[in-house]
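The values are calculated or read from the model by the stated rules, or taken from the named source; none is laboratory data. Quantities reported herein were computed from a predicted structural model and do not represent experimental measurements. Here the Cβ positions follow ideal geometry from the backbone for every residue, glycine too, while neighbour counts run over all protein chains shown.
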Amino acid sequence: MADFEAASLPDLLPLYYRRVFPFGPYGRWLRYGDVSKNYFQRREFSFTLRDDIYVRYQSFNSPQELEKEIQKMCPYKIDIGAVYSHRPIQHNTVHMGAFQAQEKELVFDIDMTDYDDVRRCCSSAEICPKCWTLMTIAIRIIDRALVEDFGIKHRLWVYSGRRGVHCWVCDDSVRKWSSALRSAAVEYLTVVKGGEETVKKVTLPSNIHPFISESIDVLTLYFEEYALVGQDILGSKDSYEKVLALVPETVRVDLLQEFSKRKQDSLQRWALLKQKLAKNKTPHVASEIMLQYCFPRLDINVSKGINHLLKSPFSVHPKTGRISVPIDLKNLDEFDPFAVPTISRLCHELDTIRSDDGNRKENEGETEGSRKSRDYRKTSLAPYVKVFEQFLEEIENSHRGERLNASDMQLEF
Ligand SMILES: [Zn+2]
């Protein structure tokens with residue numbers, strides 16, 4: 001990361017939290033229109049401070065108090081936890097066992113390191129535009145299922161700041177889901193099974209579930225360009241042997257011969273492979289390969305625990321300096337993790353604003369708050385805050401709808 005030095009964080013964070021972090025919309029989000037008593041006050045935040053000092057069970061009376069505390073502590077990382085039965089800050093003072101996590105967004109965590117056995121361009125924490133397609137595919141597949149199969153409305157997809165994405169499912173009913181329900185949802189969305197020692201991780205039944213066939217339709221849009229051209233999964237001996245380990249033995253022996261005999265590219269080899277599988281009356285094996293190479297790999301533990309913490313949107317990634325920004329699903333294919341602003345860039349942009357403004361005094365009837373909101377609007381964070389605000393408006397519109405319905409009912413009875 002050329003433009004970011006972790007050592008500069010102590011200088012940059014105060015500026016970022018004072019002038020850029022979008023506290024206004026952030027507070028509106030976590031209040032959820034004050035759905036139930038002390039909802040915001042019972043939410044756990046946790047801060048990672050300098051030297052990995054980790055402070056859990058923080059809670060605040062209001063978004064304004066949270067803002068002040070964040071500006072004071074300047075956390076390297078902010079995590080959001082559950083809404084508890086009591087204020088998390090008082091968790092030591094309530095009776096043992098009475099302090100319970102009650103609600104939280106259903107969250108998904110998709111991390112590129114879980115794809116290391118199927119990507120050839122990078123490994124571990126590295127990402128590049130080639131393998132980023134895996135995240136695009138993951139978002140398309142999971143988001144379609146959330147909307148069409150689960151009837152979910154409010155999803156916020158966020159770039160983690162380094163090598164993955166998070167999803168926050170925020171519908172009122174879903175935030176109340178038990179851990180068992182959350183596990184069941186992840187189970188439904190899981191197709192690739194088995195650890196490192198499992199060679200064949202996807203085996204389809206003869207009767208393919210609509211979720212799988214819908215997912216394969218999404219995959220088909222990307223597979224050729226991503227896996228065959230980009231990753232060239234049939235290009236070299238090492239790589240095609242791994243693919244052929246997933247096909248029935250008769251086809252495998254045949255194709256190993258063909259592939260070593262003739263110099264062909266991955267596209268030609270894939271066509272041949274599909275042809276042989278069809279002849280062998282096992283055409284579904286091609287889908288199994290596609291799923292094993294590209295289907296989203298979810299971290300079940302993050303999703304199932306109500307009290308599990310997840311990095312907050314707009315938090316900084318302490319290693320890369322990149323901001324955890326919302327992803328615009330309408331332009332998902334154009335989302336570029338390398339174009340996401342770093343904290344250094346944003347602070348630099350603030351300097352430019354300051355010199356643009358010249359000697360203009362801050363006494364032109366502006367309140368502190370309006371100046372602050374203008375600041376992030378003038379930086380390259382602005383388009384991402386806009387995506388966040390659109391997501392918020394949809395949540396607020398559905399609350400408004402419910403309130404109108406409720407007042408209609410009162411008129412009727
Ligand atoms: Zn890569």
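For the range 90-112, name all the residues that are more than 28 Å from Ile152 (Cα to Cα) and either within 16 Å of the ligand (Cβ to nearest atom) or buried (at least 17 other Cβ atoms within 10 Å of the Cβ) (or both). Show your work before the answer.
Within the range 90-112, the subset more than 28 Å from Ile152 (Cα to Cα) is 90-99.
Passing the criteria: only Phe99.
Which one of the conditions (1) within 24 Å of Pro326 (Cβ to Cβ); (2) among the β-branched types (Val, Ile, Thr); (3) over 21 Å from the mean Cα position of the chain (by Cα) does Thr48 fail to meet, given that it meets all the rest?
(3)
Inside the range 171-281, counting only helices (runs of 4 or more DSSP H) that do not spill past its ends, which hold 1 or more residues that are more than 30 Å from the chain's Cα centre (by Cα)?
Values: elements: 172-175, 179-188, 210-223, 237-244, 249-261, 266-279.
It comes to 237-244, 249-261, 266-279.
If I go through the range 51-76 residue by residue, how many of them are charged (D, E, K, R) and under 24 Å from the mean Cα position of the chain (by Cα)? First the steps, then the outcome.
Applying the first criterion (charged (D, E, K, R)) to the range 51-76 yields 51-52, 56, 65, 67-69, 72.
From what's left, under 24 Å from the mean Cα position of the chain (by Cα): 52, 56, 67.
Result for the range 51-76: 3.
Is one or more of the residues making up the range 47-68 surrounded by 17 or more Cβ atoms within 10 Å (Cβ to Cβ) and either within 16 Å of the ligand (Cβ to nearest atom) or at positive phi (or both)?
No, because not a single residue in the range 47-68 is surrounded by 17 or more Cβ atoms within 10 Å (Cβ to Cβ) and either within 16 Å of the ligand (Cβ to nearest atom) or at positive phi (or both).
Any residue in the range 160-172 that is within 16 Å of the ligand (Cβ to nearest atom), touching a His at 6+ places or on another chain (Cβ under 8 Å) and hydroxyl-bearing (Ser, Thr, Tyr)? It would help to see each step written out before you state the result.
Within the range 160-172, the subset within 16 Å of the ligand (Cβ to nearest atom) is 160, 162-165.
This time we only want the ones that are touching a His at 6+ places or on another chain (Cβ under 8 Å), so: 160, 162.
Imposing the further condition that a residue be hydroxyl-bearing (Ser, Thr, Tyr) reduces the set to 160.
Yes, the range 160-172 contains a residue that is within 16 Å of the ligand (Cβ to nearest atom), touching a His at 6+ places or on another chain (Cβ under 8 Å) and hydroxyl-bearing (Ser, Thr, Tyr).
Before we move on, is Ile212 of a type outside the set (S, T, N, Q) and under 20 Å from Arg120 (Cα atoms)? Steps first, answer last, please.
On the way: of a type outside the set (S, T, N, Q): yes; under 20 Å from Arg120 (Cα atoms): no.
Spelling it out, it is not the case that Ile212 is of a type outside the set (S, T, N, Q) and under 20 Å from Arg120 (Cα atoms).
Would a scan of the range 14-32 turn up a residue that is over 23 Å from the mean Cα position of the chain (by Cα) and outside any helix (DSSP H, G or I)?
From the range 14-32, those over 23 Å from the mean Cα position of the chain (by Cα) are 14-15, 18-19; that's our starting set.
After this cut, where a residue has to be outside any helix (DSSP H, G or I) as well, the list is none.
For the range 14-32, residues over 23 Å from the mean Cα position of the chain (by Cα) and outside any helix (DSSP H, G or I): absent.
With (1) closer than 28 Å to Asp171 by Cα; (2) touching a residue at least 40 places away in the same chain (Cβ under 8 Å); (3) over 25 Å from the mean Cα position of the chain (by Cα) as the list, and Ser8 as the residue in question, which single condition is left unmet?
(1)
Do we have any residue at all in the range 123-140 that's β-branched (Val, Ile, Thr) and within 11 Å of the ligand (Cβ to nearest atom)? It would help to see each step written out before you state the result.
Residues of the range 123-140 that are β-branched (Val, Ile, Thr), as a first pass: 127, 133, 136-137, 139.
Among the residues that remain, those that are also within 11 Å of the ligand (Cβ to nearest atom) are: 127, 133.
So far as the range 123-140 goes, yes, one or more of its residues are β-branched (Val, Ile, Thr) and within 11 Å of the ligand (Cβ to nearest atom).
What about Ser183, is it more than 14 Å from the ligand (Cβ to nearest atom), in contact with a Gly (Cβ under 9 Å, 6 or more places away or on another chain) and not assigned by TED's automatic domain parsing to the domain that holds Ser213? Talk me through it step by step, then tell me what you get.
Working: more than 14 Å from the ligand (Cβ to nearest atom): yes; in contact with a Gly (Cβ under 9 Å, 6 or more places away or on another chain): no; not assigned by TED's automatic domain parsing to the domain that holds Ser213: yes.
Against the criterion (more than 14 Å from the ligand (Cβ to nearest atom), in contact with a Gly (Cβ under 9 Å, 6 or more places away or on another chain) and not assigned by TED's automatic domain parsing to the domain that holds Ser213), Ser183 does not qualify.
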